[in-house]
1. Could you please find all residues in segment 167-201 being assigned to a strand (DSSP E or B), among the hydroxyl-bearing types (S, T, Y) and farther than 16 Å from S132 by Cβ?
2. Being surrounded by 11 or more Cβ atoms within 10 Å (Cβ to Cβ), among the acidic types (D, E), modelled with pLDDT under 95 and touching a helix residue (DSSP H, G or I) at 6+ places or on another chain (Cβ under 6 Å) narrows it down to one of E88, E99, so name that one.
3. Residues in segment 1-10 that are exposed (fewer than 13 other Cβ atoms within 10 Å of the Cβ) and among the charged types (D, E, K, R): how many?
4. What is the one condition in (1) more than 18 Å from E20 (Cβ to Cβ); (2) at pLDDT below 80 that I202 does not satisfy?
5. I'd like the full set of residues that are out of contact with any Cys (no Cβ under 8 Å at 6 or more places or on another chain) and over 18 Å from D180 (Cβ atoms), limited to segment 142-151.
6. Could you list all residues from segment 131-147 that are loosely packed, with under 15 Cβ neighbours inside 10 Å and in contact with a helix residue (DSSP H, G or I) (Cβ under 9 Å, 6 or more places away or on another chain)?
7. So L75 fits all but one of (1) at pLDDT 75 or above; (2) assigned to a helix (DSSP H, G or I); what number is the exception?
8. Just give me the residues in segment 140-163 being among the hydrophobic types (A, V, I, L, M, F, W, C) and under 14 Å from the mean Cα position of the chain (by Cα), in sequence order.
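The values are calculated or read from the model by the stated rules, or taken from the named source; none is laboratory data. Everything numeric in this text was worked out from a predicted model, so none of it was measured. A quick note on method: Cβ atoms are made from the backbone with ideal geometry, for glycine too, and the neighbour counts reach across all protein chains shown.
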Amino acid sequence: MNELLSDSTISTLSKNIATELANRNRPCSMELSMLLRSKNNGFLSKYCQELYSIIRLRIETDGFLQSLVKYDKSLSCSVMRNLNDLDEVAYDICRYIVEKNRKTIDDYVEHIQDKSLCKELDLELNKDFLVSLADENIELKKHGIFYKDSILIYPHQFFRRYYNSNFVNLPSLLQKSYNDGLDVSIKVDPFRKCSKKYYSDILELDHWYGPAFSEELLMSKNRNIKRKVHFSIGIYCFCYDAKYTVFRTKMMDTGLREFMI
């Protein structure tokens, strides 16, 4: 595995893929799978398919899989589970290598005062390295920031729940505060920038405990429902277009049934 990680071609491809997925705010785990199967001629699809082809050839080298399973426990489990499907093993290795090249919390801590992207875009920073929402060149969205109506940048990664989830409601709360007349500034992600066309309003994949939603549930008096986890179905990714509306129910107490959207 160390040989793979140190290979210059593999290193360059995986870093480029990880960077571009982050720029587009896309999760590697599902997006990579689609890009590998895509007939799109975009550069990102080509990078993914080239990386996959290299890894797929390496798998057939004598002793490769044996050395691989000793390298990382989680990767070993995935490899052992898919030994009868080397195509799937190659995909798991690609995903692992790309994930290894994602920016970490330490990267963001080390660059907490990094002004290079803001200087490149000519964004004015205050003494705390924040950008004012009064800047006429920026437009704060739910999951990103439009710059001059053509470039997509992002609020700082530390706005994200658990570091790698979506921004939830924080940008909306900041925008509302600004609209209400308050002086509001925001920290900008120092690493991520891409075309505005890759922006999308997204909702995270739902999961909830309790009974699956149904019309009968609205009138049900049964409070002794077996605990079970339900996931959204029919969605190809961890995030999806906001045109979908998902209703879910929570049994908060014996007298109130709350529905969330």
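1. Passing the criteria: only S195.
2. The conditions single out E99.
3. 1
4. Failed condition: (1).
5. H143, G144, I145, F146, Y147, K148, D149, S150
6. The one that is loosely packed, with under 15 Cβ neighbours inside 10 Å and in contact with a helix residue (DSSP H, G or I) (Cβ under 9 Å, 6 or more places away or on another chain): A134.
7. With (1) at pLDDT 75 or above; (2) assigned to a helix (DSSP H, G or I) applied to L75, the lone miss is (1).
8. F158, F159
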